[in-house]
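S.K.: I have a structure here, written as structure tokens, and I will follow up with some questions on it.
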Amino acid sequence: MSNPATANTADDGSRTYTYPPTGEQFPSVTTVLGATEGKPWLVPWSARLAAEYAVDHLDLIGAVADGRAMTVAAKASGRQPAVDLAKKQAAQVRDRKRDTGGWVHDVVEALILWQASPEGHGSDLVLPALPTHLRGADYDDEPVEDVADWMLTGFLNFVSDFRPVFHAAEMTVFNAALRTAGTLDMIVTLPGLATGRAGRFVPGGGVTPCIDVKTGKHLDVTVPEQISAYRRMTEALLPMGELVPMPQTKCSAVLHLRPEHPRGYRLMLVSGADDAAAWNRFRRAVELFEGRSAAKAKPGKVCYPLRADGTVRQPRIADLDGEGYGKALSPLIKAGVEDLEQLAAMDAGDCLKVKGVAGKVLEIIRAMLADHGLHLAGEAPETAKAA
């Protein structure tokens, strides 16, 4: 099963999926988890890579800093380009590993689709080519080509050992109630197995897990939450764009493809108790993600001390940022209107003389004043309140 492209990736790496019935944008499972899970190891790791690069390339860094050389990307020299050159190494390593894992996923999907195709179509198999920017690059001090080959050998060994029957690969799934979506790696049936109490497979009549494929050296603690969310999605998208009920699975599992594992892989079953606990954590993560998405960076409203007469002054225009009056604030501030009391002394004509204030902005000004019990000069309070 290969689906139409429904994912949209933003510049910051976050991803949303278009929900076909409504056109709404649902955040991906990995976006939700990434936004709610701290990564304390990331800063030391990035700092180490930058320091190692600087030490290993002292001559280049010095040449860029003093103007004897330029960075290729920015075609610039000086202190800041030299700093940027060392600083970006962590991002380059991260992107290289991400892209290598993505290519391995693409090849795995191609192999699965070929396996599911009618017999006699072996000559039709076309594997995705390794992206140009990965050719000759290093992955943990090994050539990317070798590491990718080890990972794919691990997948083929997994297929040879477990003889899985593939039901879905790279399938887009939705949970409209939670407003989340994602792309699961595979759903398979493993013949002759069942889930046992100890959290391992035992002999049985066959078991159908939802399996997520991982290629990184270290597995993130959120992996069980990711798979538990996938297998509890309510709808799946078919290749022709049809939404159908989510296929039922028995359990979650991780297929870790790494050269250091025997036969290049480890298949790890997530126990029923751990899967249920992971699902509960994911639902809390969704609640936290939605809450933070709706929260404002400004924690509250600016307050002022009492005047000598015991009254509290009306807010300054500049202190109303983040409260829903955005389009009206900048023109008023540039025109020298400092606070709401000064604004309330103006009439509609005075406001329209301000550059940037037109019909809609004038209505925002009226609403802003009404929210604070004020109105423009010459306008009755009832009229301002209605506006």
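S.K.: Filter the range 182-212 down to residues that are open to solvent by 10 Å² or more (accessible area, probe 1.4 Å) and touching a His at 6+ places or on another chain (Cβ under 8 Å), then give me how many there are.
M.R.: Here the count works out to 3.
S.K.: Determine whether the range 273-286 contains at least one residue that is open to solvent by 40 Å² or more (accessible area, probe 1.4 Å), in a loop (DSSP other than H, G, I, E, B) and either without any contact (Cβ under 8 Å) to a residue 12 or more places away in the chain or more than 30 Å from residue 352 (Cβ to Cβ) (or both).
M.R.: Checking the range 273-286: not a single residue is open to solvent by 40 Å² or more (accessible area, probe 1.4 Å), in a loop (DSSP other than H, G, I, E, B) and either without any contact (Cβ under 8 Å) to a residue 12 or more places away in the chain or more than 30 Å from residue 352 (Cβ to Cβ) (or both).
S.K.: Based on this model, can you work out whether residue 179 counts as surrounded by 14 or more Cβ atoms within 10 Å (Cβ to Cβ), of a type in the set (Lys, Arg) and touching an Asp or Glu at 6+ places or on another chain (Cβ under 8 Å)?
M.R.: Against the criterion (surrounded by 14 or more Cβ atoms within 10 Å (Cβ to Cβ), of a type in the set (Lys, Arg) and touching an Asp or Glu at 6+ places or on another chain (Cβ under 8 Å)), residue 179 qualifies.
S.K.: Here is a follow-up. What's the number of the condition residue 246 fails, among (1) open to solvent by less than 50 Å² (accessible area, probe 1.4 Å); (2) under 23 Å from residue 104 (Cα atoms); (3) under 25 Å from the mean Cα position of the chain (by Cα)?
M.R.: Failing condition for residue 246: (2).
S.K.: What are the residues in the range 199-217 that are touching a residue at least 24 places away in the same chain (Cβ under 8 Å) and of a type in the set (A, V, I, L, M, F, W, C), if any?
M.R.: Correct list: 201, 207, 210, 211, 213.
S.K.: Hey, which of the helices (runs of 4 or more DSSP H) in the range 295-376, taking only ones fully inside, have at least 1 residues that are exposed (fewer than 14 other Cβ atoms within 10 Å of the Cβ) and modelled with pLDDT under 90?
M.R.: Ranges flagged: 326-334, 359-371.
S.K.: Separate question: Out of all the residues in the range 250-269, which are open to solvent by less than 20 Å² (accessible area, probe 1.4 Å) and either farther than 22 Å from residue 215 by Cβ or under 27 Å from the mean Cα position of the chain (by Cα) (or both)?
M.R.: 251, 252, 253, 254, 255, 256, 257, 258
S.K.: So which residues in the range 196-212 are in a strand (DSSP E or B) and more than 32 Å from the chain's Cα centre (by Cα), if there are any at all?
M.R.: Of everything in the range 196-212, those that are in a strand (DSSP E or B) and more than 32 Å from the chain's Cα centre (by Cα) turn out to be 201, 202, 203.
A quick yes/no check of all residues on (1) at pLDDT 75 or above; (2) on the phi > 0 side of the Ramachandran plot:
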| site | (1), (2) |
| --- | --- |
| 15 | yes, no |
| 18 | yes, no |
| 42 | no, no |
| 54 | yes, no |
| 58 | yes, no |
| 75 | no, yes |
| 96 | yes, no |
| 112 | yes, no |
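S.K.: Something else now. Could you tell me which residue of the range 131-171 is farthest from the chain's Cα centre (by Cα), considering only residues that are at pLDDT below 80 and either assigned to a strand (DSSP E or B) or polar (S, T, N, Q) (or both)?
M.R.: 142
The values are calculated or read from the model by the stated rules, or taken from the named source; none is laboratory data. Just so it is clear, the model here is predicted, and its values are computed rather than measured. Please note: Cβ atoms are built from the backbone with ideal geometry, for glycine as well, and neighbour counts cover all protein chains shown. Note: areas computed on protein heavy atoms with side chains; ligands, DNA, RNA excluded. Shrake-Rupley method; radii C 1.70, N 1.55, O 1.52, S 1.80 Å.
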